[in-house]
Number of protein chains: 4
Amino acid sequence: MKKKSRFLQTPIEPFAVEEGLTAEALLARMERISFQGRNLATAHHIWQRMLQDDVTIFLGMAGALSAGGLRLIVSHLILNRYVDCLVSTGANLYHDLHETRGQHHYVGSPHADDAALADDRIDRVYDTYASEEEFCSNDEWIADFACTLETRNYTTREFLYLLGGHLWKTTGLEGILTSAYRANVPIFCPAIADSSIGMGLSQARQKKAGAGYIDIIGDIVESANLVIRRPRTASIVLGGGTPKNFINQASVQAEFYSDKVGGHRYALQIVTDVPQFGGASGSTLEEARSWGKLATDAAQVSVQADATIALPLLASALATTAPPLLAKRKQPAFTLGRLMTVDGLTVPSDRYEEVNEPAV
Amino acid sequence: MKKKSRFLQTPIEPFAVEEGLTAEALLARMERISFQGRNLATAHHIWQRMLQDDVTIFLGMAGALSAGGLRLIVSHLILNRYVDCLVSTGANLYHDLHETRGQHHYVGSPHADDAALADDRIDRVYDTYASEEEFCSNDEWIADFACTLETRNYTTREFLYLLGGHLWKTTGLEGILTSAYRANVPIFCPAIADSSIGMGLSQARQKKAGAGYIDIIGDIVESANLVIRRPRTASIVLGGGTPKNFINQASVQAEFYSDKVGGHRYALQIVTDVPQFGGASGSTLEEARSWGKLATDAAQVSVQADATIALPLLASALATTAPPLLAKRKQPAFTLGRLMTVDGLTVPSDRYEEVNEPAV
Amino acid sequence: MKKKSRFLQTPIEPFAVEEGLTAEALLARMERISFQGRNLATAHHIWQRMLQDDVTIFLGMAGALSAGGLRLIVSHLILNRYVDCLVSTGANLYHDLHETRGQHHYVGSPHADDAALADDRIDRVYDTYASEEEFCSNDEWIADFACTLETRNYTTREFLYLLGGHLWKTTGLEGILTSAYRANVPIFCPAIADSSIGMGLSQARQKKAGAGYIDIIGDIVESANLVIRRPRTASIVLGGGTPKNFINQASVQAEFYSDKVGGHRYALQIVTDVPQFGGASGSTLEEARSWGKLATDAAQVSVQADATIALPLLASALATTAPPLLAKRKQPAFTLGRLMTVDGLTVPSDRYEEVNEPAV
Amino acid sequence: MKKKSRFLQTPIEPFAVEEGLTAEALLARMERISFQGRNLATAHHIWQRMLQDDVTIFLGMAGALSAGGLRLIVSHLILNRYVDCLVSTGANLYHDLHETRGQHHYVGSPHADDAALADDRIDRVYDTYASEEEFCSNDEWIADFACTLETRNYTTREFLYLLGGHLWKTTGLEGILTSAYRANVPIFCPAIADSSIGMGLSQARQKKAGAGYIDIIGDIVESANLVIRRPRTASIVLGGGTPKNFINQASVQAEFYSDKVGGHRYALQIVTDVPQFGGASGSTLEEARSWGKLATDAAQVSVQADATIALPLLASALATTAPPLLAKRKQPAFTLGRLMTVDGLTVPSDRYEEVNEPAV
């Protein structure tokens, strides 16, 4: 008689359609199907495990997620502390600011006549439009704000906290920047120079000599010092890009100065790129282990999917499953002045320090 | 004052997270976001429109959807007549038969040791396993059944109806083949020769001379005659492949014999391939218009997504929104003997006919 | 002093630009770079190894390669016996016939107005156009030819040999079908029902009762019997689809009847699909090992690339490197009548046989 | 008689295999095939047109191209002034420095045991390895160099020029950084904070207070001022990422201050991402028109391909076709001190200026 193979343990359970299934029920029924559906269900589990463990949860976001309608999800994740630190492209923060300022992106078509759009000064992002005139007013608004600041270097982390505060005081509206400000969640933007926020800062120089200086290397030091102070970390990545690598780099750089750091304990990425061309965005979490970016026994999953499908489902499921975990969660407490602190410990931006004494 | 551009009509509405959202609520909130999330919400709308119109709805399925845990969704769609005619790869029907016969696919890993799997005679489909031994028993089962049939040519449509009936009588269990049998929904399998069902049929010849003959060209004639009889059609495609083209071909071939045929009135595809390499699986629905596969004013949407994420969400939403539409729906009524009929009209497989007289 | 890791053996050698590099020199300089460039160079090596070994080389082609300008490369590979057996989608054979009959595909644009194209009855394949009127004339031509044949079942292998012969006699021009006819290279077309060749055959029935019957299951038997007779095989796949699986299936089916068969000894695929969604087109050659489709020690490589870039480079390099190997090559000799023979052994289509006696 | 459609003008000319074809002959035979092969041939043409026109040619590079064996191609393009200004990710410059310093990347496997690699401190980039120990020595080397500089803010453009000079003086070896230094080609690195060069700079702060400060916003000002001074531009992009957008941003920002700027006159991108998910890397050049990043009548082409296949072929073809054009080319002349100049005009980094007077 045939002996059952050790490989055949857990049968696939076909998804059973039913009326009225909620997001978490959908994901529960996707746990034992295959391919990216199963991976998305696994992502739900891993995120819950992150919330139950004592880890600093980094969220990276790249791609046009804010313009594309996901900014209030990210805001929700920040405000309710599903995550502790955001690393974003500049565009996502800029498009968030655009809407928080009361303006809109618009439903468009990927088959638009781009010359006609250009005539109307409409900027297209695949199937989504925005007014260039309104974008110019944002640039001006950012430049004006930057001119109100003391003329010195700012890390993006400090600048974005101040910007979020100004935006909150001006609008009182929810968004990524304002929620991060209110929840004391730090935001890093390593490629700020490649964004309209950077353009706004560059225009500040036109208005006031010495304005618009950013200490981007200070962000590296701060992010690594944060990991040195709280060496247990988790990484959630939407879309790859500079945020994905910056989160990993913080861990790798921290390890250089502290042997308590051992790579992320949990990692979850929702990406559309594939690994076969060698780019970082599509690189696997297995590969990340070779670098020590990920602990070799980390719980991890890659979901190959557009975040505009995967994230609404995932975040809605967490809205049911996470609250009890959030209630018990030991989350890091930040202050986000010129000198950042975490749990009372200073996090310098000008030198690496493995301090354990509380900040004064 | 600036005049608003005609392009800026409908603002993006960011997805708002909330506890307890059901599948249809999720999709409703994805209608005014961007990218593939919006497309999936649009797919939900278009499918509802199909159900409200007097169209024959074709469903094409390619990729390892049955092994991957979606077979009971497809079965549900058939049994409740969300669709009227299935075109499938052989593998999807075979893997369906495998599970309906009480066997399983298993949760596996894409990083498995394939030599070790080969030693255990375990076949891997990305992250899913199956026993080759059990597969061989299916081949035998199919061969044995084929030997019970009169020795003549069978269209895949006729053979699969008979196979589904035998499977239903043997097991009494739900699945794609058995639901199609029970609901009198025809199944075409144009690439049956490239599948284990084909292998089973080839083994029938070993057991009985003259067994296992399939009239694949008869399927072309039958499918086009069906469109001639009911020229208003809709196409739903999961994953591209031969089913996608076969459904389009039926329309193009029908148009050759009847000027009432004018391409699908609705088209919806969930694919992972892209158009840039010229393959049919990834080809756009715009391109399909040039061929007349699609009416030039057809409602259509392409969702670039893995069906294992998109279909559970879409089908679950329809489970709430579709029942009232299904209740009123004027669906085509088939008989699936050697000579197929639709709404009482014969649908020959040996010659094209534009008949309007009822069958006798 | 640091000990060098066993993993660091072969340095990357950056590609050095030089004037006048030929195709084989390009690939030689890509051997020690990374990613898909290296894989393409490896493909060149593996193909050369196939030509030096005593293996039957299968070539599978899917995607719009003939319409897209690669048909004379495939014809060249057949005529010079770089390959021994072709498995193709119907479209590639049909588009080949279209051009061999003196008609053309045309340079077009992916941004065309498809409604305008439809008005002119122009069919678009991404950036390539064809006249539907000319396509209809092909269908008619195929139907007329099919009517000249004795009314019985034909395997696609037999039918395509006859069609190629007729085309050669009519046109005297080079193409895939005519070269295969002249070189006695068998062609299988498992999804013929999903193509315009199938449509032509279906129209033959209109002209003559009993015409246009294809024994697609016979193709399974024949292809497996071929592997039983020559168990050492190699697989070259362009674009996945039904040909990729049919070539593997021949090996798997053959193994069922003969324990001398042990999977392909060499495998090379140029594909644009990825494995993460579970489809066969994008499946890895590692996965193929679990099924026994590939010998566990087979030399293999996947190139993730559009064949319209990869194949011109690869075939041009082989045009220099392969001729000495082709001169010495022990290639299988076929006759392609109703009963196929290979090296004098019969290859039945109606039953599996492990015969070793010469055909009579 | 049928009238020929206006759409059917230029027949596809199938690629004809021949022994000894050189790179430019390969591309010449790909001009009238389809899909990405045709696009690559078009890219060859457009690049030649750029060289014949009076435009500033920007080259953007993202993805692991240097580690992957393409750094000497980029170096060749810089040294021979096929391009005038490089925008790169930090990783590509860092991996270039790594090899110019006499170290290597190594041929590896995507299926490696990453835990074993981690044990040996080997970092994996898909199928390519590097020694972490050597990487640490680079970081140190960069930090040491940064400490030799006056303590003030540096644009990446200025810093990378100084770094390239130091590397050239130390090694005398060819590479991207050293060629850019020797050819006076400016390099911008907008996401330097997300790279090991940034990590090296951050470590400089450990060694010397005030070291390692980068003025990333100054790069925005400088790059836009460059476009203001030479408003006719061309964009060549490998792989998307921050460089792609930064090149476009320079044009958009310049247009804000000068109405002579009207978007790139030529654009060519070789990317693996697709547009359907809304990310900038995969965005089309049509979309770029809506933003004014591209002149509405610009010659442009996107090639969907891995640069490790496409670039060796393209650069080798240009090595034959470009030299006569390069000989006649009117290329911009740069000086790259603290204050950059182009053609004798100053290019400030602290404020936007539309100056036309020569620098003093």
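Computed with the Debye formula from one identical point scatterer per Cα of segment B:6-95, without solvent, the log10 of I(q)/I(0) at q = 0.14, 0.15, 0.16 Å⁻¹ comes to -0.69, -0.77, -0.85. Enumerate the helices in chain B for which the Kyte-Doolittle hydropathy averages 1.0 or more and the C-alpha atoms extend at least 18 Å along the helix's axis, using complete DSSP H runs. Correct list, ordered by number: B:216-229, B:307-321.
Given D:K260/D:K293; A:K260/A:K293; B:K244/C:K244; D:K169/D:K244; B:K244/B:K293; C:K244/C:K293, which pairs have Cα atoms separated by over 22 Å? Display every interim value, and only then the final one.
Details: D:K260/D:K293 13 Å; A:K260/A:K293 13 Å; B:K244/C:K244 18 Å; D:K169/D:K244 31 Å; B:K244/B:K293 11 Å; C:K244/C:K293 11 Å.
The pairs that break the limit, which is 22 Å between Cα atoms, are D:K169/D:K244.
Taking amide H as placed 1.01 Å from N in the peptide plane, D:V303 has its amide H under 5 Å from the amide H of D:Q269, D:I270, D:V271, each at least 5 places away in sequence or on another chain.
List the distances, in nm and shortest first, from the label point of C:K169 to the matching label points in every other copy, placing each point 7 Å from Cα along the Cα-to-Cβ direction. Going from nearest to farthest copy, the values are 4.8, 8.3, 9.2 nm. Highest GNM mean-square fluctuation among B:A28, B:A299, B:A209, for chain B modelled with Cα contacts below 10 Å: B:A209. For segment C:165-205 and segment B:135-161, what is the separation of their Cα centres, given in Å? Rounded to whole Å, the Cα centres lie 29 Å apart.
What percent do you get for the relative contact order of segment D:76-138 when only Cα pairs under 8 Å and 6+ apart count?
27 percent
Given q = 0.17, 0.18 Å⁻¹, what are the Debye log10 I(q)/I(0) values for segment B:255-348, with equal point scatterers placed on the Cα positions and solvent ignored? The computed values of log10 I(q)/I(0) come out as -1.08, -1.12. On a per residue basis, chain B carries 30 Å² of accessible surface, using protein heavy atoms and a 1.4 Å probe. Each principal axis of chain A carries a Cα extent, and these read 85, 59, 40 Å when sorted largest first.
Normalised by the residues of chain A, what does the relative contact order come to in percent, with Cα pairs under 8 Å and at least six apart?
This gives 23 percent for chain A.
Largest mean-square fluctuation among D:F35, D:F159, D:F188, in a Gaussian network model of chain D whose springs join Cα atoms under 10 Å apart, belongs to D:F35. All alpha carbon pair distances within segment A:159-199 were sorted into 5 Å bins beginning at 0; the resulting P(r) in whole percents reads 6, 25, 29, 22, 14, 3.
Stick to the Cα atoms of segment A:24-145, pair each with every other, and give me the Kirkwood hydrodynamic radius in Å at one decimal. Over segment A:24-145, the inverse of the mean reciprocal pair distance is 16.9 Å. Couplings 3J(HN,Hα) of segment C:120-131, computed from phi: 8, 6, 10, 9, 10, 10, 6, 10, 9, 10, 8, 8 Hz, in residue order, whole Hz [Karplus 6.51 cos²θ - 1.76 cosθ + 1.60, θ = phi - 60°; x for Gly and Pro]. Projecting 7 Å from Cα along the Cα-to-Cβ direction, the label point of A:D144 sits 5.1, 7.8, 8.2 nm from its equivalents in the other copies, listed shortest first. Within the accessible area of the protein assembly as shown, the carbon and sulfur atoms contribute 49%, probe 1.4 Å, all protein chains present. Taking the centroid of alpha carbons for each part, segment C:313-345 and segment B:35-52 are 51 Å apart.
Across segment A:301-360, Cα-Cα distances exceeding 18 Å account for 60% of all pairs. Exposure check, 1.4 Å probe, all protein chains in place: B:F7 carries approximately 30 Å² of accessible surface. The solvent-accessible area of D:I192, taken with every protein chain present and a 1.4 Å probe, is close to 0 Å².
Within 10 Å of the Cβ of each residue in D:207-216, the mean number of Cβ atoms contributed by other protein chains is 5.
Bridge orientation summary for the protein assembly as shown: considering DSSP beta bridges with both residues in this region, about 35 percent are antiparallel.
A label point on A:E13, set 7 Å along the Cα-to-Cβ line, lies at 3.4, 5.6, 6.2 nm from each of its counterparts in the other copies, closest listed first. Chain D has one residue whose beta-carbon comes closest to the axis relating it to chain B; that residue and its distance in whole Å are D:V274, 3.
The D and C chains share an interface that buries close to 5900 Å² of accessible area, total over both sides, probe 1.4 Å.
Once all protein chains are placed together, B:T151 keeps about 70 Å² accessible to a 1.4 angstrom probe.
Volume per residue of the convex hull around the Cα atoms, evaluated for the protein assembly as shown, comes out as 172 Å³. Rounded to the nearest 5, the antiparallel percentage of DSSP beta bridges internal to chain B is 30%. Note on segment B:227-360: antiparallel DSSP beta bridges, both residues inside, total approximately 35 percent of the bridges counted.
The values are calculated or read from the model by the stated rules, or taken from the named source; none is laboratory data. Values in this document were obtained by computation on a predicted structure and should not be read as measured data. When we count neighbours, we look across all protein chains shown, and the Cβ atoms used for this are built from the backbone with ideal geometry, even at glycine. Heads up: the accessible areas ignore ligands, DNA and RNA and are worked out on the full protein's heavy atoms, side chains in. Shrake-Rupley method; radii C 1.70, N 1.55, O 1.52, S 1.80 Å.
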